[in-house]
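The values are calculated or read from the model by the stated rules, or taken from the named source; none is laboratory data. Predicted model, so just to flag it, every value in this text is computed and none were measured. For neighbour counting, all protein chains shown are included, and Cβ atoms are generated from backbone atoms with ideal geometry for every residue, glycine included.
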Amino acid sequence: MTTASKRSASRVRRRDEALLGIALLSVIIALIMFIAQRPKPATAAEHTSSPEAAIRYLSPVALQLSPNGQRLYVVCEDSDAVLAVDTRSQRIVGRAEVGKRPKGIAISPDGNTLYVSDEGSDAVTEIDAQTLTIRRTISVGWNPVGLVTDRAGITLYVANTLGDDVSVIDLRTGTEKKRLHAGRFPEYVALSRDGSRVYVANLLARLGPPDQPPISELTVIDSATQQVTARLEVPGVLQLRHITELPAAAGGYLLIPFMRPKNLNPLVQIQQGGYLTHGMAVIRPSATSAGEARDYQVSELLLDDIDHYYADGFGVASTPDGHWALVTASGSNIVSIVDTSRLRTLLLNSRPMHRLELANRLDSAHKLVAARLLTGRNPTDVVTSADGRFAYIANRMDDTISVLDMTRLQLAATIDLGGPKQLSRIRRGQQLFFDASHCYQGQMACATCHPHEGLSDGLAWSLETPQLGRDVVENRTLYSIEGTEPFKWNGKNPDLETQDGPRTAMYIFRSQGFSPTEVEDLVAYIFSLHLVRNPHLAADGHLTDAQTRGQALFFREKTNSGAPISPLQQCPTCHSPLTHFTSKIQIDVGTATKYDTITAFDVPQLEGAVMKPPYLHDGEALQLEEIWTRFNPDDKHGLTSDMNKAQLNDLIEYLKTL
Amino acid sequence: MRTKQCITVLLLAAGGLTVHRATAQAFLPAAPMDKTVMRYANMPPAARPYASFRKPYQEWYVQPDTLEYSGAARSERDGDVATLKTINIGFLGPLDADNEDSPYGVSMLHGAELAVDEVNASGGYRGKPFALAIHDDQALWGASSMAIVDMRFKDQAWAMLGSVDSASTHIELRATLKLELPIMDTATNDPTVTQTLVPWLLHNFPDDRQQGYALADYIFLQRHLKRIGILQVNNRYGRVGKEIFAQTARRIGHPPIVEVWFATDTTDFSSQLQTIKASGVDGLVIWGNAAEAGLILKQMRALGMQQPVFGSSRICSPEVIKIAGSASEGLTVISAINPTRDDPTWTGFQQRFAKRFGVEPDAYAAYAYDGANMLMGSISQAGLNRGLIMDALRGYEMKHYAGVSGSAFFDYTLNNIAPVTFAQIRDGKFAYWPERRTDWKPNDAANAR
Amino acid sequence: MNPNKTTTVLQRTLLSMALLLVALPCAMTQAPAQNRATQPALYTKWINYTAANGFPEGEVYCVTVDGSRVWAGTSHGLVLLEDGRVKKIFSTDDGLAGRAVMSVAVDQQNGDVWIGTFGGLSLYSGGEFKNYTNLTSGLANDLVYGVALQGQFLWVATAAGVNRLDTNTGTWSIFNETNAPFNEPWAYGISVAQQKVYFAVWGGGVLAYDLAKQTWKPFTDPDGEQELVLYRNQGLIHNIVSSVSYNPDTKTFWASTYFGLSGYDGRNWHNYLTKDSGLASNFINAVQSRGDDVWASTQSGLSQLDTNTNTWTTYSRDPKTGRGEILITHADGSKQRIATETSLAHSYILNTAFQGDDIWVATAQGLSHGIHAQPKE
């Protein structure tokens, strides 16, 4: 035992002995329970906590038109299926059962083959576009979403959200040829009109100091070399979603919806407006596919109005002539139709400094937006027909497709995809989760800061005090939080009903908030959320050698030299496996800074929480390692100073399985 | 069947082709054996490896060009003294109180500080003061491995002092082959740091090779003991340190009867001592620290074990007497210095050190003081050029340096191979012998005894 | 036809062939005069990149060829040359993990460049750096000496063991004295073969890791003594190994030490010292082997061994005139000197890389590009 650990241990011994006794007891119980229930592989995304979960909604989330425009293929993430809709009769003419939780779709250039990403299966299902029969399944990286083929139809690019990378698939052999590093949580991809580039939009901002504005990345791949040639910085925003490229005649811009937060300002400012804004990146590409980041021009435009916001931009498409660009506001049930000629004029007439200011101006939209059309609930993907007459929008939360007449800029029809009409409590909660109308001026929905159904957006937010820079706290995941109350880093909300009811109304949405029934629904939905699949854990729950060693370290009671570790310095005392690896109390682990009012913070649950950084209450630890290498100098966050680097690596390997 | 045999023969022949090609390259006429100039590091003749078997094909470390340097460091632009506020020397040592080696590190720092202050008082380097850029040898997460990089690039150090820990010193040594920062090592016992041929290190602390040879000579040839047991602390210091002694004992015909280890922080040595007792040794060698040795002595005497005990230099501390009391009587250990010397070089240092730090200087302080002086002298002689500073240090090759720690002598590997001092507890005090002579020459049998 | 007779004829023929196969190389090696007549292809024209023409000052630690691009690791950052011109010098201000760059490995599949520095590991991808350090990742130590790629795995030689990073899963493994036969944890270099990975371990010899069996095999100095070499070809010449290079053509790995050069073909060791060969110095910073050649980056020149003819060619620079000298040591021990107008930037050599038949050489004072010349009769 080192002198450091001795000193720490003796300090701890001086603490309340009764507490030690309780802690010891809890460790023993925890250990017994843990041995009884070894970690199980996280199950798929189905919302499992209620009998109503048996109802399978469709939740259309991605669309693909056949080249002749006669068929619209619809990916339904909650029913693990792809539907084919005849665009003339507006009837479903086919259905294919795919892997778990399909999210994205691509079509071969000849229109004969569909590729569907199965997020919950780490695979792509290849489907005959005519017969909708499954041809084969191709393994890709972790939690794939967006995908696109090259012009020749022999290479498929698949964005692996959880893997932070892109699988490059050789379609001749059906095998992964290589993997390219993307940014963080790459979600959607697009092939450039000339076929020379593949663009990858990353949902989460790059990891960086929590007191700095986020910087997002658009990853550019040269389709000839199949290598990343540029990583464009899109500053101040996150949640880059779908990508469309306007024709050269319309300026050739890339349009990518985003969310632009002012997370470092106190949240009370939401009542002044402009706290959470929504818009799109407008990027003029480099002249060559091998162009570096500096060869691209990145602008940002907001699509909100001064007094009303169009939250959670998701899908984007343009008419073939490029005149209209359509951007769905998934939290506002609106599609904004942008006149791109005005957009081009605005950009061309703006001096560089003025162009930068556009990112914060709420007076652009009224110049650019020709129409705001009401869609179904939670509009996600949007596609336009080859003749430019129609646009189709997938409404995830009511299982419909909105058909827009693009000549008149109005809703032409709504196609009912035939989902269950009975709304379960979880479904009602899910609808609320995506709905920004409950927030002051519609600035945000729950999903705004918890994108991808429960993920943390990775940002630190000034939620607690009106004082700039004080008590900034990191957002937290919503995965597996049932039974982990209290909530918030200060542990002030005893249950989720309090958190999502009056507290959210008063401190976050600054509005009437949700009704008591709505709160119940929302809580039911949130408690149903789990990580889709934990790729670090084998399907049978078997731990690797390193994970097994790490597990032993997690539960160890003695240091490397055999000295006993105080229960308060043992991992499972606070991260109890009985209760999702949290003790549900607030503990000072020495991570508070001078900008924090309190020093003891809620012990976060670990299930599904260690998958995505950053960590600690203020998001200062950008990697798991840093929790101990940088922010645990006095062994207050577990006794780790006697560990060697290999042991720390093993511990981390185990934590990743939770 | 026969066909199969033929094919086998053919395959064998094909194999023979490989064999032949391999051996074909050895056709050069056998080169004449190098003439051995001296025995490496005072190695006792009987302990020379394979001495009775054959003359080795090649022997290292015994030629004048052992640390040949042909890089480009000398042609780097010299530092401009006019633009510098201080002439920086890096310092790496265990300083944090949590580190069990920190007493050595703190002594070492004090020795270096005293030397720097004294040189600065007489003008420093062309009017600019020397300054120590201090880095803690903190093992947690391997942090200290970057110290030498920071010294070279951030501190703009011209050379460095350090460290005690042999692994840290090896890491510095590996790094400095690339970074070309002269290292003056004044504290590690590790005998392998001067065996790498990296021409960027001078080492003045008596290493475990010298200690091992001296102890073997004393125990087997002077005390005529035959059955020796070894008890070592289970860390790199203990493992590497006792090895030269054990190896020498084996080679001169008295292989250790028993070798036992104990973990750091051990306080109850009964199981180890029972094993040693059962083996019937007539003497015990401890390679460890003073506190551990004190407890071992106390516990072994309590068990009725009256064998003479010998030990490494880290045991030579008043702490062992304090802990073991009368049980320590007769303990014979290696001492890196003789603090009872009465020459003015030592006594003057002793007084100045005690005045400045309020404690008596120990070996780590003395060697650091000497090392820092050698280093500052080399900088003054060579100028602000790391290649030339190392050349100046290399100038000590096969030469004596008379410092407060005694007279050092540096071999072709720039290792101090001057005979070590013994210390024996007599009437509750350490008695030291022999006197170190400045006319000592390597392989001088009389001196080696 | 008598079948026994047929067998006898076949047997005799095969035996004759076998004898011939054995005799042939004997005859070859007994004709040194013929060997002498063949002069190896020489590098007589050198283009140097030094502080004089915009290259960073000081040591060049490593060089890696990536098609028409050349990456050079220096004491002042990472240099990218394209088509023979310095395109960019990357520093820590650009995001590089450390200023002193020890190794570079290019993933030919995805174009990623992995850079080992004294300050951690850097990944250069799509024009951006991403860094991995001891505190922010599973990297064993921030002193990174070697990097090598093997499919999705990145192997990293550090001052505290060898790391393997699964670039797909982000899982770091550490191999050191606790889980592999490392005498010492200080890894220096890595060479990837088809089924094995070889590690140069400073003080620990050469370690071979079998990928399929996940087993380690150490190759260490058999006499066990630092201070001597008992027999010439008894085994690895010394345990302080600075680099290792596996040659798939000859199925031999070569290890450079500060105490001579060692090669092992799976059956026999081939060791070289200055006293028994044309090796320029026993202090060798790196070794590279391809075809029949072995290139030793020594502190006194660049030495090439043609294992076919046992001819050594050493390139060095006269520091006074700046002219080059090529010293050829033939198999019979005879020597031949050739003077060249241009030369290496410095005779202290740290690393080499090939670009087709051309060679790039990292020296203590600049990067050198050797233009290949045709062999002469």
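Odds and ends about this structure:
- Residue under evaluation C:N233, criteria (1) more than 10 Å from chain B (Cβ to nearest Cβ); (2) in a loop (DSSP other than H, G, I, E, B); (3) among the polar types (S, T, N, Q), criterion not met: (1)
- Counting only strands (runs of 3 or more DSSP E) that fall entirely inside the stretch B:357-449 and contain at least 1 residues that are under 15 Å from B:F205 (Cα atoms) and in contact (Cβ under 8 Å) with a residue 12 or more places away in the chain, the qualifying elements are B:400-403, B:406-409, B:421-426.
- Any hit, the stretch C:310-330, residues being among the small types (G, A, S) and under 17 Å from the mean Cα position of the chain (by Cα): no
- In this entry, A:A62 is excluded by the filter for residues that are modelled with pLDDT under 95, among the small types (G, A, S) and under 19 Å from the mean Cα position of the chain (by Cα).
- Hey, A:Y73 more than 30 Å from A:S192 (Cα to Cα), at pLDDT 95 or above and out of contact with any His (no Cβ under 7 Å at 6 or more places or on another chain) or not: no
- Strands (runs of 3 or more DSSP E) lying entirely in the stretch C:304-377 (those with 2 or more residues that are over 23 Å from B:K178 (Cβ atoms) and of a type in the set (S, T, N, Q)): C:311-317, C:335-340
- Elements of type strands (runs of 3 or more DSSP E) contained in the stretch A:190-280, each with 1 or more residues being under 22 Å from A:Y157 (Cβ atoms) and within 14 Å of chain C (Cβ to nearest Cβ): A:197-204, A:215-222, A:227-235
- Scanning the stretch B:423-441 for residues being hydrophobic (A, V, I, L, M, F, W, C) and either at pLDDT below 95 or surrounded by fewer than 21 Cβ atoms within 10 Å (Cβ to Cβ) (or both) gives a total of 3.
- Residue in the stretch B:115-127 that is surrounded by fewer than 24 Cβ atoms within 10 Å (Cβ to Cβ), under 22 Å from B:V240 (Cα atoms) and more than 10 Å from chain C (Cβ to nearest Cβ) present: no
So that you can scan it fast, the table gives a plain yes or no per residue for (1) within 22 Å of the chain's Cα centre (by Cα); (2) farther than 20 Å from A:S561 by Cβ:
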| site | (1), (2) |
| --- | --- |
| B:P256 | no, yes |
| B:D265 | no, no |
| B:F269 | no, no |
| B:T275 | no, yes |
| B:L297 | no, yes |
| B:R314 | yes, no |
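- Residues considered: A:K558, A:K636, A:K584. Of these, the only one that is basic (K, R) and under 23 Å from A:L529 (Cα atoms) is A:K584.
- Checked against (1) farther than 18 Å from A:S117 by Cα; (2) outside any strand (DSSP E or B), A:T173 meets all criteria but (1).
- Within the stretch A:622-658, the set of residues being more than 9 Å from every other protein chain (Cβ to nearest Cβ) and within 21 Å of the chain's Cα centre (by Cα) comprises A:L624, A:L655, A:T657, A:L658.
- Of the residues B:I257, B:I252, B:I296, B:I276, the single one that is closer than 30 Å to B:T340 by Cα and β-branched (V, I, T) is B:I296.
- Every residue from the stretch A:586-600 that is β-branched (V, I, T) and either assigned by TED's automatic domain parsing to the domain that holds A:N475 or in a loop (DSSP other than H, G, I, E, B) (or both): A:V589, A:T591, A:T593, A:T597, A:I598, A:T599
- Of all residues in the stretch B:51-92, exactly one satisfies the criterion of being part of a loop (DSSP other than H, G, I, E, B), more than 11 Å from every other protein chain (Cβ to nearest Cβ) and of a type in the set (A, V, I, L, M, F, W, C), namely B:L84.
- Counting the residues of the stretch A:560-575 that are at pLDDT below 95 and part of a loop (DSSP other than H, G, I, E, B) gives 4.
- Hits in the stretch C:166-191 (condition: crowded, with 24+ Cβ neighbours inside 10 Å and under 23 Å from the mean Cα position of the chain (by Cα)): C:P185, C:W186, C:A187, C:Y188, C:G189, C:I190, C:S191
- Tally of residues being part of a loop (DSSP other than H, G, I, E, B) and either not assigned by TED's automatic domain parsing to the domain that holds A:K584 or not basic (K, R) (or both) across the stretch A:601-650: 31
- Every residue from the stretch C:93-131 that is over 20 Å from the mean Cα position of the chain (by Cα) and within 10 Å of chain A (Cβ to nearest Cβ): C:Q109, C:N110, C:G111, C:D112, C:L123, C:S125, C:G126, C:G127, C:E128, C:K130
- Search result, residues across the stretch C:80-105 that are among the aliphatic types (A, V, I, L, M) and surrounded by 20 or more Cβ atoms within 10 Å (Cβ to Cβ): C:L81, C:L96, C:A97, C:A100, C:V101, C:M102, C:V104, C:A105
- Residue that is modelled with the lowest pLDDT, among those in the stretch C:54-65 that are crowded, with 19+ Cβ neighbours inside 10 Å and within 13 Å of another protein chain (Cβ to nearest Cβ): C:G58
- Yes/no for B:R314 being within 14 Å of another protein chain (Cβ to nearest Cβ), of a type in the set (D, E, K, R) and buried (at least 19 other Cβ atoms within 10 Å of the Cβ): no
- Options A:Q443, A:Q431: the member that is modelled with pLDDT of 95 or more and surrounded by fewer than 22 Cβ atoms within 10 Å (Cβ to Cβ): A:Q431
- Taking every residue in the stretch A:505-534 that is on the phi < 0 side of the Ramachandran plot and touching a residue at least 40 places away in the same chain (Cβ under 8 Å) and pairing it with any residue that is assigned to a helix (DSSP H, G or I) and of a type in the set (S, T, Y), at least 6 positions away or on another chain, the pairs with Cβ-Cβ distances below 8 Å are A:F509/A:Y440; A:S511/A:Y440; A:F514/A:T504.
- Among the candidates B:P344, B:P308, residue that is surrounded by fewer than 18 Cβ atoms within 10 Å (Cβ to Cβ), modelled with pLDDT of 95 or more and within 20 Å of B:D362 (Cβ to Cβ): B:P344
- Enumeration of residues in the stretch C:236-285 that are within 12 Å of another protein chain (Cβ to nearest Cβ), aliphatic (A, V, I, L, M) and in a strand (DSSP E or B): C:I240, C:V241, C:L261, C:I284
- Sole exception among (1) within 14 Å of chain A (Cβ to nearest Cβ); (2) surrounded by fewer than 24 Cβ atoms within 10 Å (Cβ to Cβ) for C:L139, by number: (2)
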